[in-house]
Amino acid sequence: MTAPAFAPETEERLALARQVADAVLFEGYVLYPYRASAAKNRLRWQFGVLVPPAWGAECEEHDFQHTECLMEPRAEASLAVEVRFLHARRRTVQRALPGGGFETVPELHLDDRVLVPWDEGAEERVELVAPVARLTGEGIEFPFRKPAVEDTEPVLDTTGRTVGRLVRRSAEVTGVVRLSASELDGPYRVLRLTAVVENTTAWTPPQGRAADRDAALPHSLVATHLLMALSAGSFLSMTDPPEWAKGAVAACRNLHTWPVLAGEPGRADLVLSSPIILEDHPAIAPESLGALYDATEIDEILALRTAALTDAEKREARGTDARAAAVIDLADSMPAEVLERLHGAVRGLREITGEPDGFPDEFGVTRPETPWWDPASDAGFDPGQDRVMVDGRSVGRGSRVELRPGLRHTDAQDLFLQGRTATVEAVLHDVDGAVHLAVTVDGDPGADIRREQGRYLYFQPDEVVVPEGPR
């Protein structure tokens, strides 16, 4: 067993899988509205947290991940393993004193940002390569250690004068990777591969104090996941195995993680074992131009909401974390045609329309010559002029309505709009003959952006009423 740099061919295969692995690594790293003061950013690190054993004994979190999957290695095959996790770095903010020296402060105001205390995440990797033949029997163990680190970064104002500094501290963490394999009975040579990643850090909670998750996090492995690549041979899919292997797959134990085939579609020599359940060959959507660290949402909504943040909120977000600052800059610089691309994609139509994936350059957008169906191109419809009867009153563009969603219970978020007034922007007819009202909510700070981009909320006529007063 060795821990060298991976061979170029292995490194090339892993590079593609790391694009998805990065999304796993930073899922939930910082959530909209990307400010440290936001309630949902106060409870950090939700996925793949391997805590110190002394803390794991007192809470519902775990100090290990256990992966089992099936593989069909060829003769003389080797297994390359990469453990990836975030190492929490606790950042404090200090202000420069007039007479020299620094003092710790809760925040430091600059022209473009507000710096506040925050836990940053430094990416760590543990790499090893082992012949598959060495994994049978008792298997192998590979202990690792990431030392404690402290560094400082000066904070300069726009004139280049030092006004403070950031102090970052990380604690030592230790762990072990255990690999073993056993051959299964049957007509094919199939091995069950077991990979265990364990946090062995000796930290214990302070005596006389209740156990504190925040105190344990610097000693934890955060967002832990595995990449495993065979030099020769293949893995079996754990989500869609061949019929003959379904019983063996069902017998595999996966605790706090789930392995899927990764890398290029059609290949099966690489596995990503993730604390987030994925499908085989997961991929980043080609329409996405950057990480938003909030994959439970969709890029379009996040981009629109981020662009609508106030200048003060953006200053705080920029000071929260460099990755949060990049999200703000991305939303502020995103052209309309790129935002439109985020509205949705029907992958199954691409073979018919010939529309390519992704963007040909940084902000270029390849469009089909004609949409598959456009109601505005039909002489019988005009969304800007058409009207519909609501409660015996004619409603069209410019009309004010009161929203009464919930009749069909199609979107739980619509219930928050109950009783709000809105302005009708268009009357639309779909291919099934139904009528829809495109509206912007009165008082919505993002209404101008929605109107400019044509991104409206949609309700049917029986989900609105006409308020009393002028039509």
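Coordinate-derived values only; no laboratory data. Computed from a prediction, not measured in an experiment: that's the story for all the values here. Methodologically, a virtual Cβ is constructed for each residue, glycine included, from the backbone with ideal geometry; neighbour enumeration extends over all protein chains shown.
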Which residues in the range 38-53 have a backbone N closer than 18 Å to a point placed 7 Å from the Cα of A312 along the Cα-to-Cβ line?
-> 38-39
Within the range 427-467, what residues put their amide N at less than 18 Å from the label point 7 Å along the Cα-to-Cβ vector of A285?
-> 450, 453-458
Determine the gain in length on full extension of the stretch I140-A215; use 0.36 nm per residue of separation and subtract their C-alpha separation, reporting nm with one decimal.
-> 23.8 nm
Square roots of five times the C-alpha gyration tensor eigenvalues of the range 141-181, ordered largest first and given in whole Å, equal 40, 9, 5
Mean Cα-pair separation over length for the chain, i.e. relative contact order, pairs under 8 Å, 6 or more apart, % = 17
Enter the mean projected area of the convex hull around the alpha-carbon atoms of the range 220-261, in nm², rounded to one decimal.
-> 4.0
Residue span Q385 to A122: 0.36 nm per residue of separation minus Cα-Cα distance leaves a gain in nm of 89.1 nm
Candidate values (1) 151; (2) 224; (3) 193, label of the one derived for volume of the Cα convex hull per residue in Å³ | (2)
Based on the Cβ-Cβ distance of A148 and R404, what FRET efficiency does E = 1/(1 + (r/R0)^6) give at R0 = 56 Å, to the nearest 0.05?
-> 0.45
Using a Förster distance of 41 angstrom, determine the FRET efficiency expected from the C-beta separation of R451 and C59, and round it to 0.05.
-> 0.25
Given the alpha-carbon gyration tensor of the range 239-314, what are the semi-axes of its equivalent ellipsoid in whole angstrom, ordered largest first, with each equal to the square root of 5 times an eigenvalue?
-> 37, 14, 9
Enumerate the lysines that K40 could reach by cross-link, defined here as Cα to Cα under 27 Å, with residues fewer than 8 away along the same chain left out.
-> K314
Using a Förster distance of 51 Å, how high is the FRET efficiency between E243 and E12, based on the Cβ-Cβ distance and rounded to 0.05?
-> 0.95
